[in-house]
Amino acid sequence: MYFFRSRVKGVCMRNILSSVFHFLKKETVLSVASVLAVISAFMIHPDKEYLSYIDVRVLAVLFCLMIVMQCYQEAGVFSWLAEKLLARCHTSRQLEAVLVFLCFFSSMLITNDVALITFVPFAILTLSMSSLRNRIIPVVVLQTVAANLGSMLTPIGNPQNLYLFSLSGMNIGAFTIILLPWTILAFILLSCWLCLSRSMPVVLPATSCHQGFQRNMTVVCSVLFAISVLSVFRILHYGIAFVVVFISILLYARRLLRQVNYALLCTFVAFFVFIGNMGRIPQIRSFLESVISGHEFVVSVIASQVVSNVPAALLLSGFTDRYIPILLGVNIGGLGTLIASLASLISYQYAAKALPEKKGAYLVYFTAVNMVFLVLLVCGVLVLNMFVTIV
């Protein structure tokens, strides 16, 4: 009996450890952020000031946008649009351009991660059915670059933009003017890269790869999206937007509530606590301010390579009020390493599943292409900064 109980306890312990390791592997950034928050709590004991750390507006708006994007995806809007565009493709170069620029332009409105979740599997299927399976790695890598760069144009394109837009208090006109030149440059670079590939005739199969376009659900999504955007631009109070979106989804499609990236929201909360506590320690705050001051752009780019661009934006913005260099740094810094932008992990997982024997080749090609784009854009910012102060 004792042996049986010991064995049961051993199996339970292994299962628990396995679950813990799986969670740590899947949500590494959240795990690190949580550990940092807990450690900082030992330095600054929890008190009423903790409540002031949390930017409730950012969390509420981010939740609204994420749930609305899930709603659009469920309605089949993105796949329907993609198939309409692909029907006009007659060469492999046209096909690749459509697949890449779908990510580039759609990410401006539906966020970079949603664009990749939607169009990377679509691209893999389309290329496989068109006898262009050997082009999966180049196209998926370019889709990832396109989503990360296209999303930088709008406040709702990615989480770090939403956060910095809210924190800085800048208007949409100023935000767009800052990032438009680099978005245009990114478009030109992507176009040039696509022109390097050999073009050949291609016939796309008539098989549909989505489950149908749901018109009624699309109308609901569009209304909720408009409400969410109004709250982003402070035309509508974020609390009203949150209540309307939450209740609507609860009544209309409550299953979507399970698909929200709650790990990202918790990551924001953990970093808010960590940054808030670090800011209350004079020695640490003084050191970080001295390191970051005057080097916000470069530090943002480098930090993004190590901790990814969302945590970098959260961390660095707590120790400087020069938000424009950070905004440029974390967006351009989303290029480079695989973890520079967590959205890049999405496309890697899809590619690794489709081509498990070519994981290494994907990583090599991904890193090479990203580094080329990163160097070109960083050099562009630094050269322009020699004539006009922008960072």
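If each DSSP helix of 4+ residues adds -39,500 (n - 2.57) and the sum is divided by the residues in the chain, what number results at 222 nm, nearest 500 deg cm²/dmol?
So the calculated ellipticity at 222 nm is -24500 deg cm²/dmol.
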Just how much of M386 is accessible, in Å², when a 1.4 Å probe is used and the result is rounded to the nearest 10?
150 Å²
Work out from phi, with θ = phi - 60° and the Karplus expression 6.51 cos²θ - 1.76 cosθ + 1.60, the ³J(HN,Hα) of each residue of the range 81-87, listed in order in whole Hz, and give x for Gly and Pro.
5, 4, 5, 4, 6, 5, 4
Under the Karplus curve 6.51 cos²θ - 1.76 cosθ + 1.60, θ = phi - 60°, whole-Hz ³J(HN,Hα) for the range 95-104, x wherever Gly or Pro sits
4, 5, 4, 5, 4, 6, 7, 4, 5, 4
How large a share of the accessible area of the range 306-366, in percent, is made up of carbon and sulfur atoms when the probe is 1.4 Å and the other protein chains stay in place?
67 percent
Percent relative contact order of the chain, based on C-alpha pairs within less than 8 angstrom and at least six residues apart?
23 percent
Going by amide H atoms built from the backbone, whose H comes under 5 Å of the H on L338, apart from near neighbours?
none
Determine the shape class of the range 133-233: with a ≥ b ≥ c the square roots of the Cα gyration tensor eigenvalues, call it rounded for a/c under 1.5, and otherwise prolate if a/b is greater than b/c, oblate otherwise.
oblate
Heads up, the range 300-391 by the C-alpha gyration tensor (a ≥ b ≥ c square roots of eigenvalues; a/c under 1.5 rounded, else a/b over b/c prolate, else oblate) looks oblate
Label model pair L230, E357: point-to-point distance (7 angstrom along the Cα→beta-carbon line) in nm is 5.6 nm
Once you order the gyration tensor axes a ≥ b ≥ c over the Cα atoms, which shape class does the range 194-304 get: rounded for a/c under 1.5, otherwise prolate or oblate by comparing a/b with b/c?
oblate
For the range 161-303, whose charge dipole is built from +1 on Lys and Arg Cβ atoms and -1 on Asp and Glu Cβ atoms, the candidate among P181, S290, A270 with its Cα farthest towards the positive end is A270
Using alpha carbon centroids, what distance separates the range 283-313 and the range 335-383, in Å?
22 Å
Short version: ³J(HN,Hα) in whole Hz for each residue of the range 350-360, in order, from phi by Karplus 6.51 cos²θ - 1.76 cosθ + 1.60 (θ = phi - 60°), x for Gly and Pro, what are they?
5, 5, 5, 6, 6, 10, x, 7, 10, 4, x
In debye, nearest 20, what is the charge dipole magnitude of the range 29-166 about its Cα centre with +1 on Lys and Arg Cβ and -1 on Asp and Glu Cβ, if you could check?
500 debye
Lys, Arg +1 and Asp, Glu -1 on Cβ, resulting dipole of the chain about Cα centre, debye, nearest 20
1180 debye
If you roll a 1.4 Å probe over the heavy atoms of the protein chains, what accessible area per residue do you get for the range 179-318, in Å²?
52 Å²
Using amide H atoms built 1.01 Å from N in the peptide plane, name the residues 5+ places from T91, or on other chains, whose amide H lies under 5 Å from its own.
V202
For the range 29-132, with the dipole built from +1 on Lys and Arg beta-carbon atoms and -1 on Asp and Glu ones, taken about the Cα centre, which of L95, F42, Y53 lies farthest toward the positive end?
L95
Quick one: check the C-alpha center-to-center distance for the range 93-160 versus the range 11-64, whole angstrom.
30 Å
Need one value: the accessible area of I117 in square angstrom, 1.4 angstrom probe, rounded to the nearest 10.
60 Å²
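The values are calculated or read from the model by the stated rules, or taken from the named source; none is laboratory data. Just so it is clear, the structure is predicted and the values come from calculations on it, not from any experiment. Cβ atoms come from the backbone with ideal geometry, glycine included; neighbour counts cover every protein chain shown. Heavy atoms of the whole protein, side chains included, go into the accessibility calculation; ligands, DNA and RNA do not. Shrake-Rupley method; radii C 1.70, N 1.55, O 1.52, S 1.80 Å.
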